Amino acid sequence: MKGVGHHRERALMAIGRTKLGLPAVLFGFLFFIALLLGPVLFIFKDSSGDAALTRSRLMEMSDDETELRAMPHGLSGESHASSIPFQILSWKPRALYFPNFATPEQCQNVVKLAKSRLRPSTLALRAGETEEGTKGIRTSSGTFISSSEDSTGTLGDIENKIARATMIPRDHGEAFNVLRYEIGQRYASHYDAFNPAEYGPQKSQRIASFLLYLSDVEEGGETMFPFEGGSNMNIGYDYEKCIGLKVKPHQGDGLLFYSLLTNGTIDPTSLHGSCPVIRGEKWVATKWIRDQGQGFI
Ligand SMILES: O=C(O)CCC(=O)C(=O)O
């Protein structure tokens, strides 16, 4: 009897366990399914617009919002990580756009410095060229200002930022050429680098140009790259035509492009110019950056 009772007891306990365990089993099953499907759902969610937005927002975050890990640095390095936002506009030529590179106040300071010193812009002449013969190619007015002439420190701060953005030391830059274009004024397409075959032997060469737009322009005044991406190179391009990639000036934004290819020869696609201003006025500060230090700061 003991044996029968014992079996009955165990059977009852088993039933009892089964009765008590059913919700738990169900819960476990659902939990298992959730575990299985969770990552799948997450992948779908991740490829949605929301997740993409979150990702791009994270990439946009300024230094104040994200903590960027700083590394041990060398003697000339920096103690913190920082970001200078940029957009690649083109690989042919290598051209980068830097939104909000300078503040409106910095731009106004530079315009104020330059305003009383403006003279008609000039051109570097090729062998055999004359001022008279090149009239109309560059019709803006402008002035050269070096950072040492600016007691507000604005030009020095901008130079430092350009050096950090390009990783080309600050003393490789020429003085700023601050330009004003009024309605109808322009700069026909040209190269910033000097081809020794046309200009004779050069002590140093321009590697890159950094343009800081000091004003918005209502209409026209774009910086143009007619041969961008290799286009228009075989059409007998008229150097006064405003075609190709056009960059609309916005106050405080920067444009960097390289005049030399990585092998040191002139990039034919770096041809560029300024379209005529149609409405408003254009102010821009150009910094030409050379392969040799300029021996000043
Ligand atoms: O004004 C511009 O947008 C272009 C200026 C330029 O081509 C230059 O300074 O070399």
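The table that follows gives values for the structure above.
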item	result
Candidate set from segment 127-155 (those that are aliphatic (A, V, I, L, M) and assigned to a loop (DSSP other than H, G, I, E, B)); member that is modelled with the lowest pLDDT	127
When residues of segment 210-227 are limited to those that are under 11 Å from residue 276 (Cα atoms) and part of a strand (DSSP E or B), the one farthest from the ligand (Cβ to nearest atom)	219
Answer from 154, 143, 166 - the residue that is within 21 Å of residue 97 (Cα to Cα), touching a helix residue (DSSP H, G or I) at 6+ places or on another chain (Cβ under 7 Å) and polar (S, T, N, Q)	154
Those residues of segment 238-265 which are among the hydrophobic types (A, V, I, L, M, F, W, C) and within 14 Å of the ligand (Cβ to nearest atom), in sequence order	242, 245, 247, 255, 256, 257
Selected residue [assigned by TED's automatic domain parsing to the domain that holds residue 121, among the hydroxyl-bearing types (Ser, Thr, Tyr) and surrounded by fewer than 13 Cβ atoms within 10 Å (Cβ to Cβ)] from 141, 189, 148	148
Matching residues in segment 159-203 - criterion: being within 16 Å of residue 138 (Cβ to Cβ), in a loop (DSSP other than H, G, I, E, B) and either touching a His at 6+ places or on another chain (Cβ under 7 Å) or not basic (Lys, Arg) (or both)	182, 184, 185, 191, 192, 194
Residues of segment 282-296 satisfying the condition of being under 17 Å from residue 177 (Cβ atoms) and either in contact with a Phe, Trp or Tyr (Cβ under 7 Å, 6 or more places away or on another chain) or not aromatic (Phe, Trp, Tyr) (or both)	282, 284, 285, 286, 287, 289, 290, 294
Residues within segment 266-295 that are within 15 Å of the ligand (Cβ to nearest atom) and closer than 23 Å to residue 143 by Cβ, tallied	17
Selection status of residue 135, exposed (fewer than 14 other Cβ atoms within 10 Å of the Cβ), farther than 19 Å from residue 115 by Cα and away from the ligand (no atom under 11 Å from the Cβ)	yes
Criterion: more than 13 Å from the ligand (Cβ to nearest atom), of a type in the set (A, V, I, L, M, F, W, C) and farther than 30 Å from residue 78 by Cα - qualifying residue of 125, 179	125
Residues located in segment 159-214, provided they are aromatic (Phe, Trp, Tyr) and under 16 Å from the mean Cα position of the chain (by Cα)	210, 213
Positions within segment 82-108 being farther than 18 Å from residue 224 by Cα and part of a loop (DSSP other than H, G, I, E, B), in sequence order	82, 83, 84, 85, 86, 100, 101, 102, 103
Scope segment 151-210; condition without any contact (Cβ under 8 Å) to a residue 24 or more places away in the chain and over 25 Å from residue 225 (Cα atoms); matching residues	151, 153, 156, 160, 201
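Residue-by-condition table, conditions (1) modelled with pLDDT under 95; (2) surrounded by 13 or more Cβ atoms within 10 Å (Cβ to Cβ); (3) in a loop (DSSP other than H, G, I, E, B):
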position: 229; (1), (2), (3): no, yes, no
position: 232; (1), (2), (3): no, yes, yes
position: 235; (1), (2), (3): yes, no, yes
position: 256; (1), (2), (3): no, yes, no
position: 264; (1), (2), (3): no, no, yes
position: 269; (1), (2), (3): no, yes, no
position: 285; (1), (2), (3): no, yes, no
position: 288; (1), (2), (3): no, yes, no
position: 295; (1), (2), (3): yes, no, yes
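The values are calculated or read from the model by the stated rules, or taken from the named source; none is laboratory data. Remember, it's a predicted structure, so these values are computed and weren't measured experimentally. Reconstructed Cβ throughout: ideal geometry from the backbone, glycine too, with neighbour counts over all protein chains shown.
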